[in-house]
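Report on one structure; see the data block that follows.
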Amino acid sequence: MKVIVIGAGIGGLAASIALRQDGHDTVVYERVSDLRPVGAAISVWSNGVKVLAKYGLLDRVKRVSGMMERMAYRQWDNGDVYCDFDLNPLYEEAKMRAYPIARSELQAMLLDANKPAPVHLSKTAVSYETTAEGVTVHFHDGTSDTGDFVVISDGTHSKLRNQITGTSIVRDYVGYVNFNGAIEKSKLGHLLPSDTWTQFVGDGKRVSFMPMSDTHFYFFLDVTTPTGTTPSDSAQWKPFLAEYFSGWAQAVQTLIAEMDVGRVARVEIHDTQRLPTLIDREGGRALIIGDAAHATSPDIGQGGCQALEDTFVVQRLLRKHGLSGKASGRPTTEALRGVLDEYEALRADRCAVLVQRARQRSNITHRLGDPKETEAWYEELKAEDGKGIMSGILKTILSAPKELDE
Ligand SMILES: Cc1cc2nc3c(=O)[nH]c(=O)nc-3n(C[C@H](O)[C@H](O)[C@H](O)COP(=O)(O)OP(=O)(O)OC[C@H]3O[C@@H](n4cnc5c(N)ncnc54)[C@H](O)[C@@H]3O)c2cc1C
């Protein structure tokens with residue numbers, strides 16, 4: 001069947017790859033004229049990596065990603081180590097490593113794997129309409145395209161989800177601004193171990209260094225502040241961050257002094273509450289995936305992983321309902337309704353739980369909830385041997401679709 005995919009982010013491209021591999025014709029439409037990822041890197045946790053492995057991308061992931069062997073928390077000012085532990089027991093239990101990867105590498109990998117499917121740029125989808133025979137997507141320039149099925153993956157600012165849900169979805173500000181980028185490990189010299197995800201925490205703030213490649217750390221600095229209160233002019237970011245993180249450990253000071261602000265992204269972190277639905281109940285030929293369906297704060301590193309899981313579930317459900325492969329022909333709306341219903345049943349709860357878990361994590365890390373909880377967390381970190389943190393991460397990874405382990 002012909003599948004129209006809206007949005008060429010992680011979710012949209014992965015959906016196109018998954019469905020092409022099952023014999024569908026896919027066509028991707030993307031709003032921007034130049035595909036450039038926002039943000040420096042992303043940690044793809046074991047569940048997300050398993051999806052990429054299913055699509056035949058594991059070798060390439062391994063080639064371009066960072067080797068993150070350990071995880072450490074440190075005290076914000078003197079850099080004293082609260083805890084420092086080996087992540088390999090987690091990887092063994094998850095049956096897959098996590099791979100921090102440059103967003104540019106991930107995007108290039110997905111675009112390559114999607115070839116020769118067309119990705120049309122400068123095409124903003126504005127609406128779609130369904131008939132018994134198919135579904136037509138309309139674009140801002142007056143053009144349209146008709147297919148059998150639409151996968152909506154237009155990200156956190158999604159407009160099309162409003163059509164699916166029948167209501168205007170508003171994002172919620174989580175309470176902090178994330179400044180992120182990449183920095184050469186050599187610039188940090190001896191200050192940080194190169195194979196360790198190190199996070200400095202204190203005072204409701206966080207600065208993180210994650211090994212995203214052999215040569216670079218992916219860094220982020222979290223500024224806990226009301227929305228609209230950080231400078232939008234990047235020329236002001238260094239003095240702003242230097243003041244905000246005044247008195248922090250040497251690695252943080254070096255980062256601020258050495259970072260290339262021209263390549264830093266500033267993101268006000270938002271999430272969305274559970275949507276009334278992820279599927280077009282009336283038309284029966286469209287569903288939402290990724291951030292459009294369940295925007296989340298990045299505090300458990302699962303937004304992209306869940307977009308990937310979504311694509312895997314869609315692929316498997318189309319197979320299960322006999323709708324994959326050239327021989328299956330064009331699907332009826334009734335047949336697609338079965339896929340949509342199961343998609344909703346499998347994804348809505350899972351993703352809502354994770355959005356909530358990320359929000360709780362964020363509240364504690366950034367002292368946005370009860371301040372006593374944040375203080376208690378700092379104390380817990382001092383006593384942590386890694387088992388508690390890893391079991392929390394494993395809880396998320398091991399509740400991924402079981403078919404990922406087959
Ligand atoms: C600071 C930060 C750190 C993060 N860290 C992690 C992490 O470590 N691990 C992790 O798994 N996740 C992480 N995430 C989350 C992750 O980035 C997202 O969940 C993921 O990018 C979602 O992919 P998506 O395809 O749904 O949306 P996007 O990647 O946003 O893609 C949506 C695409 O749709 C296009 N589009 C929008 N509207 C239209 C339209 N009307 N018509 C056509 N195209 C349209 C957009 O231009 C965009 O290209 C992080 C997020 C942030 C902000």
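The values are calculated or read from the model by the stated rules, or taken from the named source; none is laboratory data. What you are looking at is a predicted structure, and each value in this text was computed from that prediction instead of being measured. Heads up, the Cβs are rebuilt from the backbone with ideal geometry, glycines too, and the neighbour counts pull from every protein chain shown. Ligands, DNA and RNA are stripped out before the accessible areas are found, and what is left, the full protein with its side chains, is counted by its heavy atoms. Shrake-Rupley method; radii C 1.70, N 1.55, O 1.52, S 1.80 Å.
Tell me whether region 160-170 contains one or more residues that are of a type outside the set (Lys, Arg), open to solvent by less than 30 Å² (accessible area, probe 1.4 Å), in contact with a strand residue (DSSP E or B) (Cβ under 7 Å, 6 or more places away or on another chain) and not in a strand (DSSP E or B). Full working, then the answer.
Taking region 160-170 first, the residues of a type outside the set (Lys, Arg) are 160, 162-170.
From what is left, the residues that are open to solvent by less than 30 Å² (accessible area, probe 1.4 Å) are 160, 164-165.
Add one more test, that the residue is in contact with a strand residue (DSSP E or B) (Cβ under 7 Å, 6 or more places away or on another chain), and what stays is 160, 164.
Among the residues that remain, those that are also not in a strand (DSSP E or B) are: 160, 164.
Looking for residues that are of a type outside the set (Lys, Arg), open to solvent by less than 30 Å² (accessible area, probe 1.4 Å), in contact with a strand residue (DSSP E or B) (Cβ under 7 Å, 6 or more places away or on another chain) and not in a strand (DSSP E or B), one finds at least one in region 160-170, hence yes.
Being open to solvent by 50 Å² or more (accessible area, probe 1.4 Å), touching a residue at least 60 places away in the same chain (Cβ under 8 Å) and either assigned to a strand (DSSP E or B) or of a type outside the set (S, T, N, Q) (or both) is true for just one of PRO100, PRO89. Which residue is that?
Details: PRO100 fails: open to solvent by 50 Å² or more (accessible area, probe 1.4 Å).
Only one candidate passes the filter, namely PRO89.
Among residues belonging to region 181-232 that are in a strand (DSSP E or B), within 16 Å of the ligand (Cβ to nearest atom) and open to solvent by 10 Å² or more (accessible area, probe 1.4 Å), point out the one that is nearest to ALA98 (Cα to Cα).
Among those residues, the one meeting the criterion is TRP197.
Examine region 72-86 for a residue that is over 28 Å from GLU406 (Cα atoms), hydroxyl-bearing (Ser, Thr, Tyr) and near the ligand (Cβ under 10 Å from one of its atoms), and state whether such a residue exists.
Let us first name the residues in region 72-86 that are over 28 Å from GLU406 (Cα atoms), namely 72-85.
Next, only the ones that are hydroxyl-bearing (Ser, Thr, Tyr) stay: 73, 82.
Cutting the leftovers down to near the ligand (Cβ under 10 Å from one of its atoms) gives us none.
Looking through region 72-86, none of the residues is over 28 Å from GLU406 (Cα atoms), hydroxyl-bearing (Ser, Thr, Tyr) and near the ligand (Cβ under 10 Å from one of its atoms).
State whether one or more residues within region 112-127 are touching a Gly at 6+ places or on another chain (Cβ under 8 Å), of a type in the set (Asp, Glu) and under 30 Å from PHE209 (Cβ atoms).
Scanning region 112-127, I find no residue that is touching a Gly at 6+ places or on another chain (Cβ under 8 Å), of a type in the set (Asp, Glu) and under 30 Å from PHE209 (Cβ atoms), so the answer is no.
If you check LYS50 against the conditions, is it touching a residue at least 60 places away in the same chain (Cβ under 8 Å), under 30 Å from ALA286 (Cα atoms) and more than 12 Å from the ligand (Cβ to nearest atom)? Let's see the steps before the verdict.
Details: touching a residue at least 60 places away in the same chain (Cβ under 8 Å): yes; under 30 Å from ALA286 (Cα atoms): yes; more than 12 Å from the ligand (Cβ to nearest atom): yes.
Yes; evaluated as a whole, the condition is true for this residue.
What number of residues within region 350-384 satisfy the criterion of being out of contact with any Cys (no Cβ under 7 Å at 6 or more places or on another chain) and not in a helix (DSSP H, G or I)?
Here the count works out to 5.
Suppose we filter PHE240, PHE220 for residues that are over 23 Å from LEU354 (Cβ atoms) and of a type in the set (A, V, I, L, M, F, W, C); which single one remains?
Values: PHE220 fails: over 23 Å from LEU354 (Cβ atoms).
Of PHE240, PHE220, the one residue that is over 23 Å from LEU354 (Cβ atoms) and of a type in the set (A, V, I, L, M, F, W, C) is PHE240.
Go through ASP299, ASP370 for me and flag whichever is of a type in the set (D, E, K, R), within 30 Å of LYS205 (Cβ to Cβ) and within 16 Å of the ligand (Cβ to nearest atom).
Details: ASP370 fails: within 16 Å of the ligand (Cβ to nearest atom).
Just a single option satisfies the conditions, and that option is ASP299.
Take the residues in region 114-145 that are surrounded by fewer than 19 Cβ atoms within 10 Å (Cβ to Cβ) and β-branched (Val, Ile, Thr), then tell me which one is nearest to the chain's Cα centre (by Cα).
Within region 114-145, the match that is nearest to the chain's Cα centre (by Cα) is THR124.
Within the group ASP299, ASP310, ASP341, ASP291, which residue is under 23 Å from SER43 (Cβ atoms), open to solvent by 40 Å² or more (accessible area, probe 1.4 Å) and not aliphatic (A, V, I, L, M)? Steps first, please.
Numbers: ASP299 fails: open to solvent by 40 Å² or more (accessible area, probe 1.4 Å); ASP310 fails: open to solvent by 40 Å² or more (accessible area, probe 1.4 Å); ASP341 fails: under 23 Å from SER43 (Cβ atoms).
Step by step, each of ASP299, ASP310, ASP341, ASP291 is checked, and only ASP291 is under 23 Å from SER43 (Cβ atoms), open to solvent by 40 Å² or more (accessible area, probe 1.4 Å) and not aliphatic (A, V, I, L, M).
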